[in-house]
Every structure is written in C-alpha cells, then in structure tokens.
Amino acid sequence: MRERIRAKEIWIEGADRHRNPDNDLPEDFPEKRDVYYSALSLTQDAKAFTQSIRAQHEQELLQLNATLPNNDKVRLRWSGDNRISITPFKPAPEPKGLIGLKSEVNRR
C-alpha cells in the first residue's frame, strides 16, 4: 500500500502530502486543458509522451555511463541492496524571490 500511495495511485483523504493529485490541478483545467499542455510544451498523446520520457532517460543513462569512471561522487558496490552509492550534494542556494513566493503561496 505504501508504494501505491507514493505513486499517487491511491491517496489519503485530508492529507497534504498524500492527497488526491487531481486537487493539484487548476479548477479550470478541464476547460483549458489544451492551453495548459501548450504552455508546458507537452503532448496530450500518452504514447508520444512516454516515448519522449523514455528517450530522455536513455540519454541520461548513456551520459551517466560515459562519466561514471571519472565521477568521484558515485561508487559502484559489488554487494548489497543498493549497488550504486552517490555522495550527497550540497544544497543549492535558494533562488532570489523564492521567500516571497513561498509566503504568497502559504497565504492562500
């Protein structure tokens, strides 16, 4: 059940983190669906969308494979459940204006 909640296949009524993902959509989404997809430069064709995501993942994996031997932040382990070990990155500084944006979102 935990995996299904994390994948948002099911949700918890009244929860914030594990809420119904439909509640994250703008109220006018059904009427303006085409506008929103266009603004995000996304296709509404599920097969084309998944093919583009798959191609992007393949490119990222090829890049990882090419850079792995010289990457001191990644180690491969010979045993255990987690065979790829990644050194945590230092957090990036918050972009300018994010504090104001957060306060505006929290007011609503």
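Restricting segment 31-47 to residues that are part of a loop (DSSP other than H, G, I, E, B) and surrounded by 10 or more Cβ atoms within 10 Å (Cβ to Cβ), which is nearest to the chain's Cα centre (by Cα)?
42
Spot the failing condition for residue 52; the list is (1) at pLDDT 90 or above; (2) within 30 Å of residue 16 (Cβ to Cβ); (3) in a helix (DSSP H, G or I), and only one is missed.
(2)
Where residues in segment 71-108 are among the hydrophobic types (A, V, I, L, M, F, W, C) and exposed (fewer than 10 other Cβ atoms within 10 Å of the Cβ), which of them is farthest from residue 61 (Cα to Cα)?
105
Could you list, in sequence order, the residues of segment 4-30 that are modelled with pLDDT of 90 or more, in a helix (DSSP H, G or I) and either of a type in the set (Ser, Thr, Tyr) or exposed (fewer than 10 other Cβ atoms within 10 Å of the Cβ) (or both)?
Within segment 4-30, just 30 meets the criteria.
Being over 30 Å from residue 84 (Cβ atoms) and either of a type in the set (A, V, I, L, M, F, W, C) or within 19 Å of the chain's Cα centre (by Cα) (or both): is that true of residue 6 here?
So residue 6 fails the test.
When you scan segment 76-108, how many residues do you find that are free of Cβ contacts under 8 Å to residues at least 12 places away in the same chain, outside any loop (DSSP other than H, G, I, E, B), in contact with a strand residue (DSSP E or B) (Cβ under 8 Å, 6 or more places away or on another chain) and not small (Gly, Ala, Ser)?
Residues that pass the stated criteria total 2.
Take the conditions closer than 26 Å to residue 6 by Cα and either part of a helix (DSSP H, G or I) or at pLDDT 90 or above (or both) and apply them to residue 63. Does it pass?
So residue 63 does not fit the description; no.
The values are calculated or read from the model by the stated rules, or taken from the named source; none is laboratory data. Keep in mind that this is a model prediction, so the values were computed, not measured. We place every Cβ from the backbone using ideal geometry, glycine too, and count neighbours over all the protein chains shown.
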